Amino acid sequence: MFRSAAAGLSLFLAFAASPVRAADDDPKEIITKALKAHGGEEYITKHQAARSQNKGKITLPGVGEAEFTQEMSYMLPNKFRDVLELKIGGETIKITTLANGDDISIDAAGRAVPVDDKIKTSMKDAMAMIGVARLVPLLKDKSYELSLFGDAKIDDKPAVGVRVSAKGKKDITLFFDKKTNLLVKVEHRALEAGTGTEVNEERFVLDYVKGKDGVPQPKKVLVKQDGKTFIEAETVEYTALEKIDESEFKK
């Protein structure tokens, strides 16, 4: 990859001036291996959208634990649709969130929810997190800076973390299982549902299954905010897509 005597001398001088990193300590190598484990660059680049159906439990401030079902779809870079049905006190409350660029709307039980700057920022952060978790941009986009977070234990299994930084965006730390190279945790700052307070959010992928195309897809996910369980979810169905009709992201 890296010929001639002159080139060899340059490499010698470079390595003599700085310590050589093992592959496990090189953030780009870690991301490269993870990218392969998740289907490879060609596959991920081809599929810019996805749909999923999920179910589980969510804990809300002032409400407590509630069961939910969810239908979610997105298309990069900035389109998102989420239909969430919560069962609270014997009632079912439907919350629909739509984002199409800067056009964002939230409807809760038939009433429009005011969309302030905090919500807009939160939506942008969520889409940024989806993009980062796809891994390809981290090797292609020079605006991202990667640094080694270090070793960790995720669900009692050895993992390694890579911190992702970009100007004007919040840091996101990705953790990968050392054996499978699969993404097992995403950690970032987020807004707490119901209060709008910024908290530390950890998203754990507890289990993977092979999708219809043979690529591993998350099956069980646990979300914690400031160390407290926020969401326990299971994916009922997931489909990676090349694109989705834009009408799906409009009212």
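Just a few scattered comments:
- The stretch 84-116, subset assigned to a loop (DSSP other than H, G, I, E, B) and in contact with a strand residue (DSSP E or B) (Cβ under 7 Å, 6 or more places away or on another chain), residue nearest to A128 (Cα to Cα): V115
Yes/no matrix, rows are residues, columns are (1) over 22 Å from K224 (Cα atoms); (2) modelled with pLDDT of 90 or more:
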position	(1), (2)
A109	yes, yes
S122	no, no
G150	no, yes
K153	no, yes
K157	no, yes
V162	no, yes
S165	no, yes
G168	yes, no
D177	no, yes
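- Of all residues making up the stretch 38-69, the number that are farther than 19 Å from Y208 by Cβ and open to solvent by less than 50 Å² (accessible area, probe 1.4 Å): 6
- From R189, R203, residue being open to solvent by 30 Å² or more (accessible area, probe 1.4 Å), out of contact with any Ser or Thr (no Cβ under 7 Å at 6 or more places or on another chain) and closer than 28 Å to E237 by Cβ: R203
- Annotation note: Cβ proximity below 9 Å between a residue of the stretch 79-91 that is farther than 30 Å from E246 by Cα and a residue that is charged (D, E, K, R) and open to solvent by 50 Å² or more (accessible area, probe 1.4 Å) (sequence gap 6+ or interchain) occurs for I88/E67.
- Candidate set: the stretch 193-223, residues that are under 17 Å from the mean Cα position of the chain (by Cα) and acidic (D, E); chosen: the one nearest to S122 (Cα to Cα): E201
- Contact map, the stretch 168-197: first residue more than 18 Å from G131 (Cβ to Cβ), second residue of a type in the set (G, A, S) and assigned to a strand (DSSP E or B), Cβ cut-off under 8 Å, separation 6 or more or different chains; pairs are D177/A159; K178/A159; V184/A159.
The values are calculated or read from the model by the stated rules, or taken from the named source; none is laboratory data. Worth saying up front: this structure is predicted, and the values here are computed from it rather than measured. So basically every Cβ, Gly included, is an ideal-geometry build from the backbone, and we count neighbours across all protein chains shown. Ligands, DNA and RNA are stripped out before the accessible areas are found, and what is left, the full protein with its side chains, is counted by its heavy atoms. Shrake-Rupley method; radii C 1.70, N 1.55, O 1.52, S 1.80 Å.
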